[in-house]
């Protein structure tokens, strides 16, 4: 069973928005994975600016921690290689 992800209780005043290619690079996955997540995952927050997707960084991290395969890619190839321990 996967651990329960706890969302922050207060709203973030100025969230970080990243493009699909930035999200893919930060997550250690391909852009195709991020685009597929936009279509299927209801918790992934995004907006469209000038016909480009902008993904909210906090929801991206929650998505990448959702299953073991994505979590390992984040840890080995993405932003996780610079993080000692996730809270």
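What follows draws every value from the coordinates through simple rules; no lab data is involved. The structure presented is a predicted model; accordingly, all values stated were derived computationally and were not measured. When we count neighbours, we look across all protein chains shown, and the Cβ atoms used for this are built from the backbone with ideal geometry, even at glycine.
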Legend entry - Alpha-carbon centroids, region 51-87 and region 15-38: separation in whole Å: 9 Å
Legend entry - Highest-first arrangement of 56-62, 73-79, where packing means the average Cβ count within 10 Å: 56-62, 73-79
Legend entry - Within a Gaussian network of the chain (alpha carbon springs, distance under 10 Å), most fluctuating of 42, 30, 54: 42
Legend entry - Histogram of C-alpha separations across the chain, 5 Å bin width, %: 3, 13, 26, 26, 20, 10, 2, 0, 0
